[in-house]
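Taken together, the values in this text are just the output of simple stated rules run on the coordinates, not laboratory data. Because the structure is a prediction, the values reported are computed rather than measured. So basically every Cβ, Gly included, is an ideal-geometry build from the backbone, and we count neighbours across all protein chains shown.
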Amino acid sequence: MGEGLVTINDKKKWAWKRAILNPAFQKSHLRKLEDDFNEVSDFFMNRLEKLADGKRVVKMLDEFNHMALDMIAKVAYAVDLKSVDGDDNPLTQAIYKAFEGFQKHGEDRLMKLKPWKWAYIKTVTDSIQLLRNYTREQMAKRLDAISKGEHVPEDILSFIIKLKESDPEISEEELLDEFVTFFVAGQETTGNLMAFMIMDLAQNPDVLKRLLTEIDQVVGKKAVINHDDLNRLTYLDMVVKETLRLHPPVGQPARITTKPMEVGGYIIPTGTIVSVALFSMARSEEFFDDPLTYNPERFSPDAEKKVDTYTYFPFSLGPRTCIGRYFADIEAKTVMTKLLQRFTFELIPNQPMGVVEKLTMSPKGRVQCILRTRED
Ligand code: HEM
């Protein structure tokens, strides 16, 4: 992700990029891309339709991860990746290889010094090259269309290009970093959120029942889920928030101290990486009543006022809070509404119910389910 928004350390440069990219992620802007959110969700429902035979074991985490990749490709860059139907397309494979390489590099920073890893590293760098060539082509096409005065979508790519308009000196590499950043930052996180929602709902039938009642009453079988529908699905909002509390996809947001700080009598020197264990805080009685119980009521409009901002922040806090939080919110709610309109799910017994933490926190057992259509 190089000098992309997530990893960039230069404060001034970050602030400039963030100011230009922020409007692309505002709720009012994302509303304009509602059709794309619906289209990718519908394509995903067709995929689930094929899997919902009441017999097959479906790993929901894998399905959601593919869908989330398709969502970023479409909503951010107007690209129809359609990886839910199989990831044999070279671009999808390259994206997955790049993610894997990024993760493995995080686990073993000395990898480059180990000759027996060089063949593997080459497969990763080849994939990154393919990805960069592809994004370079997309960017060139878009710039060409803009220069000819053609109509172009108001997607995130258009905002990345605004970086170049604001500073023509910006390198092509940096623009590519930004392009790749959104693929990485927005895929696994939202995929995990939706997989955790299925896991939590399947284990809490009363919550699921109430949610289904809300969906049936508020949207019924409505095909296009828009912003107003999402606003009226208030219990769904509470369910999303409670899932993010008990199962935060980013379990430990981190910061680097810029001056010495005292915490609990200990001095933390400048330049220390400090991470806050959201996952553990959610499990502590010091911060939440009956913390292990999955209880969306914590986020009912009245109760939510009592939730302390400094104990619950799945999208982090401060200026470097997640830029994609509304994107994730619209995506998760649109997809889950459509899924619950059509399907029921049942967890396969005896699968691991814990979490694994790598770059993100994901369900260990990949949420294996049997799916059925609701008419069955
Ligand atoms: C449920 C889904 C998501 C969760 C839980 C999540 C969580 C987070 C967190 C905790 C951070 C801050 C990291 C830190 O402070 O250490 C962050 C940053 C970021 N996220 Fe997300 N995120 C999600 C979805 C998305 C999506 C969909 C996108 C883009 C389409 C995105 C793009 C970013 C970017 C670019 C940053 C860096 C922002 C900056 O430093 O200015 N995220 N996210």
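Observations on the structure shown:
- The helices (runs of 4 or more DSSP H) found entirely in segment 206-294 that carry 2 or more residues being within 18 Å of Phe196 (Cβ to Cβ), within 25 Å of the chain's Cα centre (by Cα) and touching a residue at least 24 places away in the same chain (Cβ under 8 Å) are 234-246, 278-282.
- Test: residue in segment 255-271 that is within 11 Å of the ligand (Cβ to nearest atom) and closer than 30 Å to Asn9 by Cα: yes
- Filter pass, Pro352 being outside any helix (DSSP H, G or I), surrounded by fewer than 17 Cβ atoms within 10 Å (Cβ to Cβ) and in contact with a Pro (Cβ under 9 Å, 6 or more places away or on another chain): yes
- From Glu214, Glu188, Glu173, residue being more than 29 Å from Asn295 (Cβ to Cβ) and among the acidic types (Asp, Glu): Glu173
- Phe327 being in a loop (DSSP other than H, G, I, E, B) and either without any contact (Cβ under 8 Å) to a residue 40 or more places away in the chain or within 11 Å of the ligand (Cβ to nearest atom) (or both): no
- Residues that are surrounded by fewer than 14 Cβ atoms within 10 Å (Cβ to Cβ) and not β-branched (Val, Ile, Thr) were ranked within segment 233-264; the one that is nearest to Asp302 (Cα to Cα) is Ala254.
- Met194 meets the conditions (1) assigned to a helix (DSSP H, G or I); (2) over 24 Å from the mean Cα position of the chain (by Cα) in every case but one. The failed one is (2).
- Breaking point among (1) out of contact with any Phe, Trp or Tyr (no Cβ under 7 Å at 6 or more places or on another chain); (2) farther than 23 Å from Pro319 by Cα, for Lys11: (2)
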